[in-house]
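A short write-up of the structure that comes next.
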Amino acid sequence: MSVNIIKLKIDGVEVTVPEGTAILKAAKDSGIIIPTLCNLEGLTAYGGCRLCLVEVSGTPKLFPACSTPVGPNMEITTQSDKLKEYRKMAVQMLLAERTHICSVCVADDHCELQAMANQLGVDHVMFERNWSQDEIDSTHDFLVIDRNRCILCTRCIRVCDQIEGVHTLDLKLRGKDSQVIMDLDEHWGNSCSCTSCRKCAKVCPVGAIYIEGEPIEHTKKRDIAEFIVERRNRR
Amino acid sequence: MEKDDKQRIMLEKVLKEHNYQESALLEILHRAQEIYGYLDKDLMMDISGSLNLPPSHVYGVVTFYSFFKLRKSGEHVVTGCLGTACYVRGVEQIMEAIEQEFKLKRGGSTADGKLSLLLTRCIGACAMAPNIVVDDEVIGKATKEVVTQKIREVLGGVKAET
Ligand code: FES
Ligand code: FES
């Protein structure tokens, strides 16, 4: 099977990649890093967080780099004032949607959302905050989920389905009511399919899923996530 | 019990018709709701097992669409349209009148389970706003007098066809 090789420009740099490659990957291969939150290499793209938006010349629309394939002769811009504003707004909306208080969070200092806010210079939230008050589910032997910190990136759902292969987790409802659920919305301790593999906790970018009594930096050690992903890519 | 078995046989027929294809989930859920009236957890578990789909996936689909019901609704169902047009035309006052007269809250049922009051967004008949649906009948240009009268009628044993 022959693959078409495509030429395009990212931030002025000429790049050649196989047709169908996601913009995010094409950029990364030539050393250009685009901010992401929901994306995790090795899992399918989801396109939920909108942090990876890029500009494509010739259209006023913005495209999510993680889930948009490259096209021939595309000219892509990954950094601009406009993009920075949008990315800051995306982070602020995530912060406003639920209850994010870094100082009392298990993931303080090891949180991708916090890091992203710092990196982009988000120093305030211009939206009214929702301050959700969902019950924390600690019925599982050691896995805990605090949905107030969840940003609905669905990494846990994807890793559970695509790597562990059990699909215990999924999303219920829609919009602001969306929640990560176990089986038929059971308490985690009553889940009949969960294998307690901990992958969900390892890939959670924030402090929503964690392991009771284990330091988060230990749970989220990047090389473990990379290991999972590498195994996946090898298949 | 006997009724249960009949329903299960009907469901099995539907499943067979679709060859137990996971891609037919939505259609099967529709038919299942027709058969049982609502989709409870046992039923969702049953369907998830028959189609070999994760339970959480089935639950996610069921809760995504407001059409699906997780609980048994009352014998008679009144649905108020809270779409923009109906809202502007004063559907709210009619809803309040229903709540007061029949002593129930929107989203809930009367204590005797005879009547449920539900909400929906735009039923696509904006020209006739405000719209209230009583059982299967759409009442356009509704007023609280007409609607409460209609509800009294269906509750009063005048047989509403289903
Ligand atoms: S990383 Fe592309 S939308 Fe989240
Ligand atoms: S808003 Fe009620 S029918 Fe359209």
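The values are calculated or read from the model by the stated rules, or taken from the named source; none is laboratory data. Not measured: the values here are computed from a predicted model. When we count neighbours, we look across all protein chains shown, and the Cβ atoms used for this are built from the backbone with ideal geometry, even at glycine. For accessibility, only protein heavy atoms count, side chains too; no ligands or nucleic acids. Shrake-Rupley method; radii C 1.70, N 1.55, O 1.52, S 1.80 Å.
Charging the Cβ of each Asp and Glu at -1 and of each Lys and Arg at +1, and nothing else, the dipole of the stretch A:116-235 about its Cα centre rounds to 640 debye.
Per residue, the solvent-accessible area of the stretch B:3-64 (1.4 Å probe, heavy atoms of protein chains only, all protein chains present) comes to 53 Å². Compute the accessible area of each residue in the stretch A:158-175 twice, once for its chain alone and once with every protein chain present, using a 1.4 Å probe on heavy atoms, and list those whose area falls by at least 50 Å². Residues meeting the cut-off: A:H167, A:L173, A:R174.
Summing both sides, the accessible surface hidden between B and A at a 1.4 Å probe radius is close to 1100 Å². P(r) for the protein assembly as shown, from all Cα pairs and a bin width of 10 Å, is 4, 17, 22, 23, 19, 10, 3, 0 %, short bins first.
With one equal scatterer per alpha carbon and no solvent term, the Debye-computed log10 I(q)/I(0) for the stretch B:76-154 at 0.23 1/Å reads -1.01. In this view, the solvent-accessible surface of A:R232, computed with a 1.4 Å probe and all protein chains in place, comes to about 70 Å². Dipole size in debye (nearest 20) for the protein assembly as shown around its Cα centre, Lys and Arg Cβ +1, Asp and Glu Cβ -1? Here the protein assembly as shown has a charge dipole of around 680 debye. Of the Cα atoms belonging to chain B, the radius of gyration and Dmax stand at 17.9, 50 Å.
Using the average count of surrounding beta-carbon atoms within 10 Å as a protection proxy, the listed peptides A:200-207, A:72-79 rank, highest first, as A:200-207, A:72-79.
Using helices alone, I'd like the mean residue ellipticity at 222 nm for the protein assembly as shown: each DSSP H run of four-plus residues gives -39500 (n - 2.57), total over residue count, nearest 500.
Only helices count here, giving -10000 deg cm²/dmol.
Under a Gaussian network description of chain A, with springs only between Cα atoms under 10 Å, the residue in A:C102, A:C49, A:C153 that fluctuates furthest is A:C102. Legend: translational diffusion of the stretch A:30-162 by Stokes-Einstein, Rh = Kirkwood radius over C-alpha pairs, 37 °C, 0.692 mPa s; D = 199 µm²/s. Solvent-accessible area of B:H76, all protein chains in place: 20 Å² (probe radius 1.4 Å, heavy atoms, ligands and nucleic acids excluded).
About its Cα centre, the dipole of chain A is roughly 680 debye, where the only charges are +1 on Lys and Arg Cβ and -1 on Asp and Glu Cβ.
Rounded to whole Å, give me the distance from the Cα center of the stretch B:84-134 to that of the stretch A:109-126. Measuring centre to centre over Cα atoms gives 44 Å. State log₁₀ I(q)/I(0) for the stretch A:5-79 at q = 0.25, 0.26 Å⁻¹ as given by the Debye formula over alpha-carbon point scatterers of equal weight, solvent excluded. The Cα Debye sum returns log10 ratios of -1.21, -1.31. Compute a Gaussian network model of chain A, connecting alpha carbons closer than 10 Å, and tell me which residue from A:R147, A:R174, A:R50 fluctuates the most. Per the Cα network of chain A with a 10 Å cutoff, A:R174 tops the list. Each listed q (0.18, 0.19 Å⁻¹) maps to a log10 I(q)/I(0) for the stretch A:86-233 from the Debye sum over equal C-alpha point scatterers, namely -1.12, -1.24. For the stretch B:56-74, a decrease in accessible area of 40 Å² or greater in the assembled protein chains relative to the isolated chain, with a 1.4 Å probe, applies to B:S56, B:Y59, B:T63, B:F64. Within the straight-line cut-off of under 29 Å between alpha carbons, the lysines reachable from B:K150 are B:K69, B:K72, B:K103, B:K105, B:K114, B:K141, B:K159, sequence neighbours fewer than 8 places apart in one chain being disregarded. Split the accessible area of the stretch A:33-113 by element, probe 1.4 Å, and carbon with sulfur accounts for 54%. Protein heavy-atom accessible surface, 1.4 Å probe, per residue over chain A: 51 Å². Taking only the C-alpha atoms of the stretch B:3-64, the Rg (one decimal) and the largest Cα-Cα distance, Dmax (whole number), read 10.4, 29 Å. The value for the stretch B:43-118 of Rg(Cα) / (2.2 N^0.38 Å) is 1.43.
For chain A, what does the relative contact order come out to in percent, with C-alpha contacts under 8 Å and a separation of six or more?
Relative contact order of chain A: 17 percent.
Nonpolar atom fraction for the stretch B:20-162, defined as the carbon and sulfur part of the 1.4 Å probe accessible area, stands at 52 percent.
Taking trypsin sites (Lys or Arg not before Pro) in DSSP loop conformation with at most 16 other Cβ atoms inside 10 Å as exposed sites, chain B has its longest uninterrupted site-free stretch at B:1-70. Largest mean-square fluctuation among A:S196, A:S178, A:S138, in a Gaussian network model of chain A whose springs join Cα atoms under 10 Å apart, belongs to A:S178. A straight Cα-to-Cα reach below 18 Å connects A:K84 with the lysines A:K61, residues fewer than 8 places away in its own chain not being considered.
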